[in-house]
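Input: a single structure, listed below in structure tokens.
The values are calculated or read from the model by the stated rules, or taken from the named source; none is laboratory data. Just so we're clear, the structure is a prediction, and the values are computed from it rather than from any experiment. Cβ placement follows ideal geometry from the backbone for every residue including glycine, while neighbour counts extend to all protein chains displayed. Side chains are part of the model used for accessible areas, which takes the heavy atoms of the whole protein and leaves out ligands, DNA and RNA. Shrake-Rupley method; radii C 1.70, N 1.55, O 1.52, S 1.80 Å.
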Amino acid sequence: MNGTRHFYVVAIILGSVISPGSNLFGQDAALRTEVLTTLRDAASFYRQRVASHGGYVYFYSHDLSRRWGEGVATADQIWVQPPGTPTVGMAYLKAYQATGERIYLEAATAAAEALVYGQLASGGWTNLVDFDPRSRRVAKYRNGRGGGKNNSSFDDGQSQSALRLLINVDQALDFKQNSIHEAVQIGLEAVLGAQFPNGAFPQVWTGPVVAQPALKANYPGYDWRTEGRIKNYWDMYTLNDNVTGYIAETLIDAHRTYGEEKYLAALRRLGDFLVLAQMPEPQPGWAQQYNYAMQPIWARKFEPPGVSGDESQEVLETLMRIARVTADRKYLAPIPTALAWLKRSRLPDGQVARYYELKSNRPLYMTRRSDKYALTYDDSDLPKHYGWKTEARIADIEKQHQALIAGAQLTVSTVAVRPSRREVRQILATIDDRGRWFKTYNGERLVGQAKMPVGAKYLSSELFSRNLAILSAFVGAPD
């Protein structure tokens, strides 16, 4: 009792009342100090030894002699597609926001500047930036230093993740870094120009899109197995690999940061399109790709028309996000029937299939012999380069939806959740004395399909970014 009273007396003398459980004292103080040291060591190693031109790829060999993005990467190539440069840059930014230490902002700024170099003339990004002007992979960069293709891409969050890093770095720099601020404005205008009037987006664009009629999703009236293939499917309406979810986050960041109504209006149009794109019964989910008649279409030769379990879950999460930001409940209307379809479409192992055959709703797969693919209902011999099944997130989506319709505020929470001490200590225990977190390759499928010997140790930008974010959340969040 006396100890507690004396504690408060000291706290008052210091000018503030601090609870006895505060992380400024005792074991939490020691843990916080260790976390801060680890953050500095890890960030310093990754920026000084791993970065190339300020940017990053997915994986690095133990001795840093080999680099992988989507395949082998040269020393002059950095990857835009997550978990490449934008992912690492955002992790630095979280460390800066949690600690206020400039070293992290400088590292995030360097990553942003690397992306500015690789911004295409069309305003977006492709999956990598190549700083070697003689390379065959150089694209048509806005800075005039490349003469290749000018195909800006939304695939896998490429342009979206680049823009989100630039937006957040622009704000952290008080909008004073002219090259970054200019790249953001050009990039956002390009995104708005790539939106169809019905709210949809293509997978790839080189300039403003051509207006198309706003139609409701429907089933094709022809044999989709043999007819209706479109070579330039990337010009059509795309949901594949969470394209619209990434775009929604980008528009939300843009509106939050710059306060301009045009970004919120674009977000609403996107939500309107997702409502239109819901397939009718008996499969009220969403497809990966649609033609301008709003019918599911083929993409790559192993991506058939079908209603997708993975993309449908992503759309439901995006619709709830749009509903929260816009405070408009109309974006929740498609959710009940979609959830019911997902529930009855679960596989025996509890997962959902990537594709369900149109109308029959049978799980649809592919076999592969050499470079030829064939449709099948049999999942016993699936090509390993693609995700044919995915985790069912139905229960979590339903929980979020029920909270919203029960009267929960349609607002975005900004309260950070503090990681557990156990999780933090596990991360601290796995870093070596040079500030490195290694993974061991055990033959698993890696992003970008990097090839390395089983048992090899390697650095992962995804692991680095995740650990940095968790440690930053521990330092920055309230108890």
Result of the Cβ filter at 9 Å on the stretch 228-253, keeping first residues that are farther than 14 Å from Thr318 by Cβ and aliphatic (A, V, I, L, M) and partners that are open to solvent by 40 Å² or more (accessible area, probe 1.4 Å) and outside any helix (DSSP H, G or I), at least 6 apart or interchain, is Met236/Ile230; Met236/Tyr292
Residues to consider are Thr87, Thr37, Thr74; find the one that is β-branched (Val, Ile, Thr), buried (at least 17 other Cβ atoms within 10 Å of the Cβ) and over 16 Å from Tyr458 (Cβ atoms).
Thr87
Can you list residue pairs whose Cβ atoms sit under 9 Å apart, with the first residue in the stretch 459-479 being open to solvent by 10 Å² or more (accessible area, probe 1.4 Å) and the second being part of a strand (DSSP E or B) and at pLDDT 95 or above? Count only pairs 6 or more apart in sequence or on different chains.
Glu462/Phe59; Leu463/Phe438; Leu463/Lys439; Arg466/Ser460
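Residue-by-condition table, conditions (1) open to solvent by less than 50 Å² (accessible area, probe 1.4 Å); (2) in a loop (DSSP other than H, G, I, E, B); (3) modelled with pLDDT of 95 or more; (4) touching a His at 6+ places or on another chain (Cβ under 8 Å):
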site: Met320; (1), (2), (3), (4): yes, no, yes, yes
site: Arg324; (1), (2), (3), (4): no, no, no, no
site: Tyr331; (1), (2), (3), (4): yes, no, yes, no
site: Leu339; (1), (2), (3), (4): yes, no, yes, yes
site: Lys343; (1), (2), (3), (4): no, no, yes, no
site: Leu347; (1), (2), (3), (4): yes, yes, yes, no
site: Gly350; (1), (2), (3), (4): yes, yes, yes, no
site: Lys359; (1), (2), (3), (4): no, yes, yes, no
site: Asp378; (1), (2), (3), (4): no, yes, yes, no
Answer yes or no as to whether Gly387 is out of contact with any Pro (no Cβ under 8 Å at 6 or more places or on another chain), surrounded by 14 or more Cβ atoms within 10 Å (Cβ to Cβ) and small (Gly, Ala, Ser).
no
Of the listed residues (Gln402, Gln409, Gln426), the one being modelled with pLDDT of 95 or more and of a type in the set (S, T, N, Q) is Gln426
Can you tell me which of (1) surrounded by 19 or more Cβ atoms within 10 Å (Cβ to Cβ); (2) farther than 11 Å from Tyr292 by Cα is the one Gly221 doesn't meet?
(1)
Of the numbered conditions (1) out of contact with any Phe, Trp or Tyr (no Cβ under 6 Å at 6 or more places or on another chain); (2) farther than 30 Å from Gly259 by Cα; (3) modelled with pLDDT of 95 or more; (4) not basic (Lys, Arg), Asp371 satisfies every one except a single condition; which is it?
(3)
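Hey, can you tell me all the residues within the stretch 168-221 that are of a type in the set (Phe, Trp, Tyr) and touching a residue at least 60 places away in the same chain (Cβ under 8 Å)? Lay out the reasoning, then the answer.
Our first condition is that a residue be of a type in the set (Phe, Trp, Tyr); within the stretch 168-221, this holds for 175, 196, 201, 205, 219.
Of everything in the stretch 168-221, those that are of a type in the set (Phe, Trp, Tyr) and touching a residue at least 60 places away in the same chain (Cβ under 8 Å) turn out to be Phe196, Phe201, Trp205, Tyr219.
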Within the stretch 29-41, can one find any residue that is under 22 Å from Leu165 (Cα atoms), at pLDDT 95 or above and either of a type in the set (A, V, I, L, M) or within 38 Å of the chain's Cα centre (by Cα) (or both)?
yes
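If you check Ala162, Ala190, Ala211, which single one turns out to be touching a Pro at 6+ places or on another chain (Cβ under 7 Å), buried (at least 16 other Cβ atoms within 10 Å of the Cβ) and either closer than 24 Å to Asn242 by Cα or modelled with pLDDT under 95 (or both)?
On the way: Ala190 fails: touching a Pro at 6+ places or on another chain (Cβ under 7 Å); Ala211 fails: buried (at least 16 other Cβ atoms within 10 Å of the Cβ).
So the residue among Ala162, Ala190, Ala211 that is touching a Pro at 6+ places or on another chain (Cβ under 7 Å), buried (at least 16 other Cβ atoms within 10 Å of the Cβ) and either closer than 24 Å to Asn242 by Cα or modelled with pLDDT under 95 (or both) is Ala162.
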For the stretch 95-118, indicate whether the set of residues that are modelled with pLDDT of 95 or more, basic (Lys, Arg) and either open to solvent by 30 Å² or more (accessible area, probe 1.4 Å) or under 21 Å from the mean Cα position of the chain (by Cα) (or both) is non-empty.
yes
Pick from the stretch 128-185 the residues that are of a type in the set (Ser, Thr, Tyr) and assigned to a helix (DSSP H, G or I): which of them is nearest to Gly84 (Cα to Cα)?
Ser161
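Going residue by residue through the stretch 85-99, is there one that turns out to be out of contact with any helix residue (DSSP H, G or I) (no Cβ under 9 Å at 6 or more places or on another chain), closer than 29 Å to Val209 by Cα and not in a loop (DSSP other than H, G, I, E, B)? If you could, list the steps in order and put the result at the bottom.
First, the residues of the stretch 85-99 that are out of contact with any helix residue (DSSP H, G or I) (no Cβ under 9 Å at 6 or more places or on another chain): none.
No, the stretch 85-99 contains no residue that is out of contact with any helix residue (DSSP H, G or I) (no Cβ under 9 Å at 6 or more places or on another chain), closer than 29 Å to Val209 by Cα and not in a loop (DSSP other than H, G, I, E, B).
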